[in-house]
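**Student:** Have a look at this one before I ask anything.
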Amino acid sequence: MKQYLIYLAQSHPGFRKAELESLAVLENIELDLADYTDESPFLVVRLQNDDEAYRLVHRSILCRGIYELWGHGDDLQSLHDSIRLTSQPHWAEYLHKSFKFEIIGYQGKKKTTKEQVALIETFEYLGFEGVIDMKTPEVRFTVLEKYHIEGGGPTAQPDHVWFGREICVSARVRGAVDEYDLKKRPYHGTTSFDAELSLVSCNLAHCSRGKVMYDPFVGTGSFLVAGAYFGSSVFGSDIDIRPLHGKDSKTKNIHANFEKYGTTHLFGDVLTMDFTNNALRDTFQIDCIVCDPPYGVREGLKVCGTKNEAKAEGKENLIINGEKAFLRKDYIQPKKPYELDLLLDDLLRFAAQKLPIGGRLCFWMPTANDELIPTLIPHHENLELIYSLVQDFNKWSRRLLVYVKRDENYKGITMSKKDRSGVNNFRDRYFSGFRPEVETEK
Amino acid sequence: MKFLTTNFVRCAVKSCAASSDSFPLVFSECQLVQQEQDFDAEFLTSMLDRLDWPALIKVAADLGNNSIPQVKPENIDPEDPESERILRDLHSLLLETQITEGKMICNHCQHVYYIKNSVANFLLPPHLAN
Ligand SMILES: C[S@@+](CC[C@H](N)C(=O)[O-])C[C@H]1O[C@@H](n2cnc3c(N)ncnc32)[C@H](O)[C@@H]1O
Ligand SMILES: [Zn+2]
């Protein structure tokens, strides 16, 4: 086992550990995160080798990079002592390689070129004889300094300094979060999901090459492009045909987004379908499900059917031009409202039936902050809830719920709507400005 | 809708789910276009595992293609030229063939679904939904 330093992004810290753990499971890496805290962007872990380090961080969104740790200390002197003590056996290997030094300062002030050179020169004793190559060096060495803010500005001296050999930078640093920014997409809409968290969701869901990902509430397809970014083939469906067609047939539709990202070969299909009347054959295996179910705020929660059954009676016998009306190409299927809690039960049941053992279901559930959350979260006996990660807004928050399908030895509980004491009436609370709930008749 | 997807969908009516007649759907009056796609051997190999081969033969025949081999190709090795030829044929059929307009009919309940503007519609009328 060797020591590696992970440099994490200070973004959605509550999701970082779950992402690291999920990637470790996906890549079959044993990882001890006992030292992890949400506060620190630096984390030392023990791994078998560089290959493990690469696989752990390469596709991460909430890590920035991973380094073979050569030494660290509270100041430069102790850093160099530590490097001499622990990393000397490595030096020879890099003696003649082209190389580059980089400096990362967490919360530090920007260094002038002169300061940078001065810092780098303190490493002269490593004795590297290779050429310095700023663009495509064979090996990169990185000094990572941690400062903190005091009295309105960064401290003059770092609190701690690490030095290491870069193994890789993450998908985030390679530009994924930026590139997938909604505003830069040919097609997005009011229901589109934030790029960063949709990529994180797909990491937690284990989207990867050779796997099929499905979003049953696909809308404008935000999760599909994220799933394809990680190499899975992606399918989606939605009860509303409009987002599936997009705004125009050439440049503003779901397919155009895949073209932009060069992943059209991973785009399976999108279908118009009511999730509760699903047309996917039972034996079609889906490996991951990622979605943002309809909560009724920017889109309706509807299913096929009619509100007024009495009025609709006998309509199935209506004939237009000698054809049964409901079999005509221009027939529009009526829709009726449905309860969110019932839909979530349907979603869990579907996932339990479809996913392979170890397969994951990830979905977002918004709630008012004054709600007792555990009473709202659905459970299914074959699905283990492994994460409930909160993104906090002011009066409400949404949480990413992650479930894993377990084998028959797992004995979970089923908690469907009738067993849950709370009612997720997020829509009503949202539109009433989250005023304290008045006692309503249940 | 891609040809590939015809292999994954059955009738959406709940009382049809258990019937083997609800899959595959019967395709008729279909308009097809060929749309070029990047070839990805690894992706196709993984899709091959998920295909129901008899259904693929049936739907291909509905669409006028009777040249599908009777048994699912096995031991596909993307490196081998013969395998690659098979994969390229499958690529063209499964991923490059788009059904832009057409009907899909359930052999169990005779319900008709439509494909319009390349998007298949599986929504049900009230008397078939719940
Ligand atoms: C919160 S939006 C998800 C948007 C999507 N993540 C995106 O990137 O645009 C919920 C979606 O669920 C759809 N929906 C509502 N009821 C549905 C149902 N019964 N079956 C399938 N989709 C439904 C809505 O039309 C809406 O597009
Ligand atoms: Zn049917």
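**Student:** Treating only the Cβ of Lys, Arg, Asp and Glu as charged (+1, +1, -1, -1), what charge dipole size does segment A:2-169 show about its Cα centre? Round to the nearest 20 debye.
**Tutor:** Here segment A:2-169 has a charge dipole of around 480 debye.
**Student:** Right, another one. Quick one: net charge of A:GLY219's neighbours, Cβ under 11 Å, K/R +1, D/E -1?
**Tutor:** -3
**Student:** Please compute the average number of Cβ atoms from other chains found within 10 Å of each residue's Cβ in peptide B:111-122.
**Tutor:** Per-residue shielding by partner chains comes out at 6.
**Student:** Which whole DSSP H helices in chain A pass both tests: a Cα extent of 18 Å or more along the axis and a mean Kyte-Doolittle value no lower than 0.0?
**Tutor:** What comes out of the filter, once short or polar helices are dropped, is A:13-26, A:340-354.
**Student:** For segment A:2-169, how big is the tail of P(r) above 21 Å, as a whole percent of Cα pairs?
**Tutor:** Of the Cα pairs, 49 percent sit more than 21 Å apart.
**Student:** Under the definition of partner shielding as Cβ atoms of other protein chains within 10 Å of a residue Cβ, what is the mean value for peptide B:6-19?
**Tutor:** 4
**Student:** Could you please report the charge total around A:VAL177, scoring K, R as +1 and D, E as -1 over all other residues with beta-carbon less than 10 angstrom from its beta-carbon?
**Tutor:** -3
**Student:** Can you pick out the pairs among A:LYS211/B:LYS72; A:LYS17/A:LYS252; A:LYS260/B:LYS116; A:LYS183/A:LYS405 whose Cα atoms lie more than 29 Å from each other?
**Tutor:** Exceeds cut-off: A:LYS17/A:LYS252; A:LYS183/A:LYS405.
**Student:** Could you give me D for chain B, from Stokes-Einstein at 37 °C and 0.692 mPa s, where the hydrodynamic radius is the Kirkwood radius over C-alpha pairs? Units µm² s⁻¹, please.
**Tutor:** In µm²/s, the coefficient rounds to 211.
**Student:** May I ask you to find the residues of segment B:29-43 that are shielded by at least 30 Å² of accessible area once the whole protein assembly is considered instead of their isolated chain (probe 1.4 Å)?
**Tutor:** B:GLN37, B:ASP38, B:ASP40, B:GLU42, B:PHE43
**Student:** Then there's this: Pulled fully out, how much extra length does the chain show between A:SER388 and A:TYR54, if you take 0.36 nm times their separation in residues and subtract their Cα-Cα distance?
**Tutor:** That works out to 117.5 nm of additional length.
**Student:** Using a simple spin-label model with points 7 Å from Cα along the Cα→Cβ vector, what separation in nm is obtained for A:VAL44 and A:ALA310?
**Tutor:** Once both label points are built, they end up 7.6 nm from each other.
**Student:** If you roll a 1.4 Å probe over chain A with all protein chains in place, what percent of the accessible area is carbon or sulfur?
**Tutor:** So the carbon and sulfur contribution to the accessible surface is 50 percent.
**Student:** Counting only protein heavy atoms, what percent of the accessible surface of segment B:3-128 is carbon or sulfur at a 1.4 Å probe?
**Tutor:** Carbon-and-sulfur percentage of accessible area, whole number: 47.
**Student:** Between the chain alone and the structure with every protein chain in place, find the residues of segment A:268-291 that drop at least 40 Å² of accessible area; heavy atoms, 1.4 Å probe.
**Tutor:** Hits at the 40 Å² cut-off: A:ASP269, A:LEU271, A:THR272, A:ASN277, A:ALA279, A:ARG281, A:PHE284.
**Student:** Going by Cα centres, segment A:7-30 and segment B:36-66 are how many Å apart?
**Tutor:** So the separation of the two Cα centres works out to 37 Å.
**Student:** State the answer as a single residue: which of A:TYR36, A:HIS58, A:ILE83 lies farthest towards the positive end of the charge dipole of segment A:18-84, with beta carbon charges of +1 for Lys and Arg and -1 for Asp and Glu, about the Cα centre.
**Tutor:** A:HIS58
**Student:** Same structure again: For labels at A:LYS417 and B:GLN31 in the simple 7 Å Cα→Cβ model, what's the distance in nm?
**Tutor:** 4.1 nm
**Student:** A follow-up question, please. Arrange the residues B:HIS108, A:HIS265 by how much accessible surface each exposes, largest first, with a 1.4 angstrom probe.
**Tutor:** Ranked from most to least accessible, the order is B:HIS108, A:HIS265.
**Student:** Output the residues of segment A:198-232 meeting this criterion: accessible area (heavy atoms, 1.4 Å probe) in the chain alone minus accessible area with all protein chains in place is 50 Å² or greater.
**Tutor:** Buried on complex formation: A:ARG209.
**Student:** What does the charge count near A:LYS100 come to, summing +1 for each Lys or Arg and -1 for each Asp or Glu among other residues with Cβ under 10 Å from its Cβ?
**Tutor:** My count for the surroundings of A:LYS100 gives -2.
**Student:** Measuring with a 1.4 Å probe in the full set of protein chains, what accessible area per residue, in whole Å², belongs to chain B?
**Tutor:** Spelled out: the 1.4 Å probe surface of chain B, per residue, equals 45 Å².
**Student:** Got the relative contact order for chain A handy, in percent, Cα pairs under 8 Å and 6 or more residues apart?
**Tutor:** Relative contact order here is 11 percent.
**Student:** Moving on to the next point. Say a paramagnetic label sat at a point 7 Å from the Cα of A:LYS109, along Cα to Cβ; which residues of segment A:120-156 have their backbone N under 18 Å from it?
**Tutor:** Label zone hits: A:145-156.
**Student:** Can you give me the distance in nm between label points at A:MET1 and A:ASP35, each placed 7 Å from the Cα along the Cα-to-Cβ direction?
**Tutor:** 1.1 nm
**Student:** On to the next question. Towards the positive end of the charge dipole of the protein assembly as shown, with charges on Cβ (+1 Lys, Arg; -1 Asp, Glu), say which of B:VAL71, A:SER237, A:ASN321 has the farthest Cα.
**Tutor:** In the protein assembly as shown, that residue is A:ASN321.
**Student:** Would you report the distance distribution of C-alpha pairs in segment A:332-372 as whole percents per 5 angstrom bin, up to the bin with the largest distance?
**Tutor:** Using 5 Å bins, I get a P(r) of 5, 15, 19, 18, 17, 14, 8, 3, 0 for segment A:332-372.
**Student:** In segment A:143-220, which trypsin sites (Lys or Arg not before Pro) fall in coil by DSSP and have 15 or fewer other Cβ atoms within 10 Å?
**Tutor:** When the trypsin sites (Lys or Arg not before Pro) of segment A:143-220 are filtered for loop state and at most 15 Cβ neighbours within 10 Å, A:ARG174, A:ARG209 remain.
**Student:** Okay, moving on. Determine the gain in length on full extension of the stretch A:ASN409-A:LYS329; use 0.36 nm per residue of separation and subtract their C-alpha separation, reporting nm with one decimal.
**Tutor:** 24.0 nm
**Student:** Could I ask something else about it? What FRET efficiency, computed as 1/(1 + (r/R0)^6) with R0 = 56 Å and r the Cβ-Cβ distance, is obtained for A:GLN77 and B:ASP89, rounded to the nearest 0.05?
**Tutor:** 0.25
**Student:** Using only DSSP helix segments of four residues or longer, with each worth -39500 (n - 2.57), what per-residue ellipticity at 222 nm results for the protein assembly as shown after dividing by its residue count and rounding to 500?
**Tutor:** -7000 deg cm²/dmol, from helical runs alone.
**Student:** Right, another one. Residue farthest toward the positive end of the dipole of segment B:3-128, with Cβ of Lys/Arg at +1 and Asp/Glu at -1: which of B:VAL119, B:ILE99, B:VAL13?
**Tutor:** Checked the options; the winner is B:VAL13.
**Student:** Tell me: how much accessible area in total is hidden between B and A, 1.4 Å probe, Å², nearest 100?
**Tutor:** 3700 Å²
**Student:** Further question on the same structure: How many angstrom separate the Cα center of segment A:354-381 from the Cα center of segment A:240-295?
**Tutor:** Taking the Cα centre of each part, segment A:354-381 and segment A:240-295 sit 22 Å apart.
The values are calculated or read from the model by the stated rules, or taken from the named source; none is laboratory data. Keep in mind it's a predicted model, so treat the numbers as computed, not measured. Every residue, glycine as well, gets a Cβ built from its backbone with ideal geometry; the counts of neighbours run over all protein chains shown. Ligands, DNA and RNA are excluded from the accessible area calculation, which covers all protein heavy atoms including side chains. Shrake-Rupley method; radii C 1.70, N 1.55, O 1.52, S 1.80 Å.
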